[in-house]
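What follows is a single structure, written as structure tokens, with notes after it.
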Amino acid sequence: MPHGMRTVTDVVKRRRPDGFEHEVTAGVHAGVLGASDAPDVVCVHGLGCSHRYFLPLARRLAPRARVAAPDLPGFGRTPGPAEPLDVRGLSRALADWLRATGRGGATLVANSGGCQVVVDLAAHSPDLLGPVVLISPTMDRHARSAVRQLARLAADIPRERPTLPFVVGLDYLTCGPRRMAATFRHLLDDPIEHKLRHVRTPTVVTRGSRDPIVSHEWAAEVAGLLPDGRLVEVPGAGHALNYSAADALADLVRPLLSHRRPNDSSTTG
């Protein structure tokens, strides 16, 4: 497929109540916002979430970018297989969607578990990466246990915007407890630190200074393991910067919009 061409099987131009326009491509749903001729930004959600919690960031980027937030298989509006996908399965689904929509080489913005999906994407399909923003990347190898991660998640709730639990809570109900639990186990078993060397595009690692899930030490370690990484901390913010600190995050993303890599979307991974 020539660079920049998109094959979208169904496009709904009317704005939905969640604030996005909607695409369905090769069975994958995405919320989209921004001018069609603007540089692409692709947002990759974390555990149990969907495109919906990227709306604050998308609104701030839309004047200068075309923001697309796909729902990975089994989450949001995208159906998934009966057996929940592991990190490699999710990253391959993301790769297929990037190729099908012609968005390979776009700026990738991922939050939490979505960072693990993007880093895994780099391990098998590095041609699809443009600049990368890793927001609060999990899993901290110094706290890789279910009990510690759940305790940290509980501590983060009061540090986010009060409306966030209502947004992601609906997403959690949509994907269901079985898929949530299985995907959580897959994320725990995924050693992101062993794959960071594959992310060879300019990468910003960012965390909120009050994020209890991703410590300063772990975020600094992630940035240090990247070939071209740097760490930026957002004062006073928690884990979901894309929702609770969208202005600060948009300021980090905008300078990357001019760095899209040339990409041959026909490459297979």
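Derivation of every value follows stated rules applied to the coordinates shown; laboratory data play no part. These numbers were taken from a predicted model, which means no experiment stands behind them. Methodologically, a virtual Cβ is constructed for each residue, glycine included, from the backbone with ideal geometry; neighbour enumeration extends over all protein chains shown.
Values for this structure:
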item	result
Most mobile listed residue (145, 125, 244) in the chain, GNM with C-alpha springs under 10 Å	145
For residue 193, net neighbour charge (Lys/Arg +1, Asp/Glu -1) across residues whose Cβ lies under 15 Å away	-2
Choice from 142, 51, 198 showing the highest fluctuation, given a GNM over the chain with Cα pairs closer than 10 Å	142
Rounded Å value of the spacing that divides the Cα centres of the range 170-216 and the range 40-70	16
Separation of alpha-carbon centers, the range 108-127 and the range 231-254, rounded to whole Å	19
Likely footprinting exposure, 192, 157, 135, fewest C-beta neighbours within 10 Å first	157, 192, 135
Under 12 Å, Cβ to Cβ, from residue 146 - net charge with Lys/Arg +1 and Asp/Glu -1	+3
Percent of beta bridges antiparallel (DSSP, the range 10-252, rounded to nearest 5)	35
Listed residues 173, 249, 134, most fluctuating in the chain (Gaussian network, C-alpha, under 10 Å)	173
Structure-derived mean projected area of the Cα convex hull in nm² - corresponding label in (i) 12.2; (ii) 16.4; (iii) 14.2	(i)
